[in-house]
Amino acid sequence: METVEHDQLEEEEEEEEDEVRREQVDDEESVTVGYHGLEEDISAAPSLLRRAQIYMLQVRKDIRPRHIVAAGLILVSLVTFGTVVWFLSTNATPYGVVKSDMDDRAYRALTLSNDARVTLVRDTASIQQACSVSVEVGSLAEPNRAPGLAHFLEHMLFMGSKKFPKENYFEELVAVTGSGNLNAYTSDEITDYYFSTHVKFKKAMTVFSHFFIDPLLRNDSVYREMRAVESEWQRGLGSEAWEEYSLIRHLVNPLHPMQRFSTGNIETLNKTDIRDQLW
């Protein structure tokens, strides 16, 4: 009686294995997820999960604690890997934008011929047009001999370009109506430049783009912008946010670039070759 039941159990298990294999073959070609009309192939993740299922059926024939633990670890690892693949497929693509269901703005993402990623946003409730450019270089990338160089470069880019050489021309253009705004900030890993206006936006975009195409970094602006950086540093002294950041810097590994002074001031920037270091 026990032999008959054992044989029946083996037959049932073999049938389950065959069923799983048939499903694997049927689904092998492609498994896709659609997001806002876009599809990305994520067949790797489901395939890995199916392999884990087959492994679990196999170890059931000889159930031992070490097999259960091994199967559990493999399943967890594969599920984690599959989740990462799925997340990257749907959220890290330059061709789609993930947004909240409560967000009624329209988005379009694209990649330019120079590999710059652009996100266009249409907001019918806004009375202004705005642009922000994030450059993936910040204070952690600057040399040890010139603390604050990235912040100093941020200032110098506003001082005219070969196509639009007049100093502060961009500021005058954006502020012509009294409601425009422009600024920039330097962080550890990015530098962000932005502006907003509700008139002459196309013209402003053209002038703005030449910050990054053909900046002058003029000699006669160097010392004045050093003073501007010095002024920002002086204003920040004693503020709670700056003190917190200073504390963090002093607690990190002394060999890590985050440990360096990153704001810059006259003492760190007033060097004869400082302009050459910007290039």
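The values are calculated or read from the model by the stated rules, or taken from the named source; none is laboratory data. Because the structure is a prediction, the values reported are computed rather than measured. Please note: Cβ atoms are built from the backbone with ideal geometry, for glycine as well, and neighbour counts cover all protein chains shown. SASA here: full protein model, heavy atoms, side chains in, ligands and nucleic acids out. Shrake-Rupley method; radii C 1.70, N 1.55, O 1.52, S 1.80 Å.
Below, the figures for the structure above:
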{"item": "The range 187-217: number of residues that are open to solvent by less than 40 Å² (accessible area, probe 1.4 Å), part of a strand (DSSP E or B), closer than 19 Å to residue 151 by Cβ and not charged (D, E, K, R)", "result": "4"}
{"item": "Matching residues in the range 113-134 - criterion: being within 18 Å of the chain's Cα centre (by Cα) and free of Cβ contacts under 8 Å to residues at least 12 places away in the same chain", "result": "114, 115, 116, 118"}
{"item": "Enumeration of residues in the range 225-255 that are open to solvent by less than 70 Å² (accessible area, probe 1.4 Å), over 29 Å from the mean Cα position of the chain (by Cα) and at pLDDT below 90", "result": "238"}
{"item": "Filter result (modelled with pLDDT under 90 and either open to solvent by 60 Å² or more (accessible area, probe 1.4 Å) or among the basic types (Lys, Arg) (or both)) within the range 97-106", "result": "98, 99, 100, 101"}
{"item": "Given (1) of a type outside the set (A, V, I, L, M, F, W, C); (2) more than 26 Å from residue 267 (Cβ to Cβ); (3) not in a strand (DSSP E or B), index of the condition residue 145 fails", "result": "(2)"}
{"item": "Test for residue 172: is it assigned to a helix (DSSP H, G or I) and without any contact (Cβ under 8 Å) to a residue 24 or more places away in the chain", "result": "yes"}
{"item": "Subset tally (residues that are buried (at least 16 other Cβ atoms within 10 Å of the Cβ) and part of a loop (DSSP other than H, G, I, E, B)) for the range 127-141", "result": "1"}
{"item": "Single condition residue 268 does not satisfy, out of (1) surrounded by 18 or more Cβ atoms within 10 Å (Cβ to Cβ); (2) under 28 Å from the mean Cα position of the chain (by Cα); (3) among the β-branched types (Val, Ile, Thr)", "result": "(2)"}
{"item": "Failed criterion for residue 260 (all others in (1) touching a residue at least 24 places away in the same chain (Cβ under 8 Å); (2) out of contact with any Pro (no Cβ under 6 Å at 6 or more places or on another chain); (3) not hydrophobic (A, V, I, L, M, F, W, C) hold)", "result": "(2)"}
{"item": "Filter result for residue 216 (over 30 Å from residue 128 (Cα atoms), of a type in the set (A, V, I, L, M) and over 24 Å from the mean Cα position of the chain (by Cα))", "result": "no"}
{"item": "Residue 205 being more than 19 Å from residue 140 (Cα to Cα) and touching a residue at least 60 places away in the same chain (Cβ under 8 Å)", "result": "yes"}
{"item": "Matching residues, the range 147-186, being within 15 Å of residue 218 (Cα to Cα) and open to solvent by less than 50 Å² (accessible area, probe 1.4 Å)", "result": "152, 154, 155, 156, 157, 158, 159, 160, 161, 164, 167"}
{"item": "Which numbered condition residue 144 misses (of (1) open to solvent by less than 30 Å² (accessible area, probe 1.4 Å); (2) under 20 Å from residue 274 (Cβ atoms); (3) out of contact with any Asp or Glu (no Cβ under 6 Å at 6 or more places or on another chain); (4) not β-branched (Val, Ile, Thr))", "result": "(1)"}
{"item": "Residue check for residue 258: in a helix (DSSP H, G or I) and open to solvent by less than 30 Å² (accessible area, probe 1.4 Å)", "result": "no"}
